[in-house]
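Here the structure comes first, spelled out in structure tokens, and everything after it is commentary.
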Amino acid sequence: MSETTDIKNLLTECHTCLKQYDRKSRVPRRMPCCSETVCEPCLTSCQTNGRLICPLCQKETSEHKEVSNLPIDPLVIKLLSQNTTSPLTCTFCSFNNPAIAKCCQCSDLLCQSCLSTHSMNKLPINHDVISIDAIKQQRAIRSETLSRSLSLQSMNLLGQLKEKGEGVMARMKQLDDVLKNIGQSRKSAMGDINKCFDDLLKELQERRKFLLSQVELRADQHASTVKYAKASHHGINEKIKKLSQNISKGRKDSPAAIISLLQETAKDVDFARKGVCFVPANTQHLFSILQTAGLVRSITFTPAEKPWGVPDAVIYNAISLDPISIPQVSNGDVGFLSHSRAHSEQTCSLGDQVVVLKTASKHRTLFCPNLEWDTSTANRTVTTSGPVITNTRPEPPLFNSGCRIQADRHVMTSKPLLMRNGQQAMYQVKVKYNPKMLIQDNKMLFEVCLTDSPVDSVWSQPSGLSVNLASCSHHLQQLCLRVVYDNQLLEDTPIAQNEVGVSRYLHLAFLLNSGRNEIHVIDVEDVRVISTVTDVDFDNPLWLMMMLAWPSWANMAAALASGTRIDVSKDINKLLSSLQASNI
């Protein structure tokens, strides 16, 4: 390559990327701040939020906000139109003398004569004139600097690429764990279904065996009675035959024997027909129940934003369960209770109960839905037996279903509460506790909560209603019952001494009134309202959750009383009726 070509290439390449200008994609634009030329792509990459920063002097261009408004360098355009091998000539005069310098402000090439007289025609004090040799030297330095910069940039990019690769690998491992958990939950769910229906089949087989034995037993009993009567008639018939034969043969039998036989009566039955039949009563009801037996749902644990004060190492996942449409059970028995009468009606939910409350104006009903603990999602450290849970570790240890709550000693119900507009509902919780140690400041013995946003965390539930028993913050020698709604403390009442080895009981009722958007927390033993929560949102399904303290802290057992398991005393009925009357 000739020296002329080399210099032309230097003058027609971008000061930033060192790539050749052209008239289309790499249009040369002059920067007003430093009079240097930069291609459009490099300038576009330097434009952010309406600000254009010069990539050479790092000054903001205030005169031109758009790259396309910057002036095009005429010298570069002229050099691009010339033959590459043509000598560099002065563009300031018309004598085509060889150029030895360049004026950055004029964007002209200067010959020796024009360089000498340049000050006579321009204001050289404000112009920067640079020789061709200096241009070559500057470009060499810039090329080396750019190469070093690109090398550092490459190393930085490689570091970022490595970091991203490590992040991708870590996420792939997490996704492998998610896949493993899904496979584990699949295996666990299928095993639970098979065991459940194996038990059902065993019960059905036992029931069939029992019914068949009942048919055999009753048919044998009835047949035995008829066979006995038939044998009695057969005996008399044989006597009649024998006596008749004797008379026909001329034998003389005493009249007394004949009279005795005539007076003899055979054993008989008082029915014309008798049979055994199978009554398929309740089998259709059983089929209907089977339509609603068991649920298959997906439970998702999603990392949630932690409130202030929750350590990073603490599990804090939002729990969401797929909405399930439960078919209605036909001909389900629901108990109605009142203290003036008791009867039952046919409704759509087995195990539910409706309590009739007497108010001054009219009778009102209170719905008590049947709730069950979800053993498949319960934490592995609690033992569930029907409606009762204890903080003792199960024996044998529970397997990990892949859907269990990881926060220690937590359990939730298998279905949420769905409140209809204007409906009144109630469930109860009975707790027995015996502390093994003095409960430290603000440590909970148990929590029962009702929330539409359950969280997998050892901390108290952040949203919804939380009723918990804890050591009092203001008096360490006492235990306080706290009522919290959406993290706002509503009640903090001492109810017992903070002492070791004393068994105590707590019986709470929760009365939900969707008509007035409120929840009453009731002490069943003392027949009083502990606290009333207002402005409750009943539009979403509400999940009931419970937490029990560590076994090393206390022996604990909690029972969920719902549906027909709720026993409504006369005093509680009177309290509930008064609450109903106050809502009229």
Residues of the range 394-418 being assigned to a loop (DSSP other than H, G, I, E, B), of a type outside the set (G, A, S) and touching a strand residue (DSSP E or B) at 6+ places or on another chain (Cβ under 7 Å), in sequence order, are P394, C403, I405, Q406, R409, P416
A careful count of residues in the range 371-398 that are under 24 Å from the mean Cα position of the chain (by Cα), more than 22 Å from A554 (Cβ to Cβ) and surrounded by fewer than 20 Cβ atoms within 10 Å (Cβ to Cβ) gives 3
Which ones in the range 462-472 are touching a Leu at 6+ places or on another chain (Cβ under 9 Å) and at negative phi?
L465, S466, V467, N468, L469, A470, S471, C472
From the list V429, V455, V483, which one is buried (at least 21 other Cβ atoms within 10 Å of the Cβ) and over 19 Å from P303 (Cα atoms)?
V429
Here, strands (runs of 3 or more DSSP E) confined to the range 479-538 with at least 2 residues that are touching a strand residue (DSSP E or B) at 6+ places or on another chain (Cβ under 9 Å) and under 22 Å from S562 (Cα atoms) are 504-513, 518-523, 528-533
Could you list, in sequence order, all residues of the range 37-51 that are modelled with pLDDT under 85 and either under 25 Å from K102 (Cα atoms) or surrounded by 13 or more Cβ atoms within 10 Å (Cβ to Cβ) (or both)?
C46, Q47
So which residues in the range 420-456 are assigned to a loop (DSSP other than H, G, I, E, B) and modelled with pLDDT of 90 or more?
K436, M437, D452, S453, P454
Count, please, the residues in the range 534-584 that happen to be out of contact with any Pro (no Cβ under 8 Å at 6 or more places or on another chain) and basic (K, R).
2
Only residues that are β-branched (V, I, T) and free of Cβ contacts under 8 Å to residues at least 12 places away in the same chain: list them for the range 214-256, please.
I247
Those residues of the range 35-49 which are over 18 Å from T12 (Cβ atoms) and assigned to a loop (DSSP other than H, G, I, E, B), in sequence order:
C46, N49
Taking the range 292-312 and the residues there that are charged (D, E, K, R) and surrounded by 12 or more Cβ atoms within 10 Å (Cβ to Cβ), the one that is farthest from S401 (Cα to Cα) would be K306
Of (1) closer than 23 Å to S552 by Cβ; (2) surrounded by fewer than 18 Cβ atoms within 10 Å (Cβ to Cβ); (3) of a type in the set (D, E), E491 fails just (1)
Check V329, V355 and return the single one that is at pLDDT below 85 and either surrounded by 12 or more Cβ atoms within 10 Å (Cβ to Cβ) or among the aromatic types (F, W, Y) (or both).
V329
In the range 282-307, what residues are within 20 Å of the chain's Cα centre (by Cα) and either assigned to a helix (DSSP H, G or I) or touching a residue at least 12 places away in the same chain (Cβ under 8 Å) (or both)?
G294, L295, V296, R297, S298, I299, T300, F301, T302, P303, A304, P307
Note on L115: of the conditions (1) touching a strand residue (DSSP E or B) at 6+ places or on another chain (Cβ under 7 Å); (2) at pLDDT below 80, unmet is (2)
Per the filter on the range 119-138, residues among the basic types (K, R) and either modelled with pLDDT of 70 or more or loosely packed, with under 13 Cβ neighbours inside 10 Å (or both) are K136
Within the range 267-291, track down each residue that is surrounded by 10 or more Cβ atoms within 10 Å (Cβ to Cβ) and either in contact with an Asp or Glu (Cβ under 6 Å, 6 or more places away or on another chain) or at pLDDT below 90 (or both).
N282, T283, Q284, H285, L286, F287, S288, I289, L290, Q291
Quick one: is L212 outside the structural domain of R380 (by TED's automatic domain parsing), at pLDDT 95 or above and out of contact with any strand residue (DSSP E or B) (no Cβ under 7 Å at 6 or more places or on another chain)?
yes
Condition check: more than 30 Å from I299 (Cβ to Cβ) and touching a Pro at 6+ places or on another chain (Cβ under 9 Å). Does E491 satisfy that?
no
Do we find that S248 is over 60 Å from the mean Cα position of the chain (by Cα) and modelled with pLDDT under 85 in this structure?
yes
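The values are calculated or read from the model by the stated rules, or taken from the named source; none is laboratory data. Owing to the predicted nature of the structure, the values given are computational and were not obtained by experimental measurement. With ideal geometry, Cβ positions are generated from the backbone for all residues, glycine too; neighbour counts draw on all protein chains shown.
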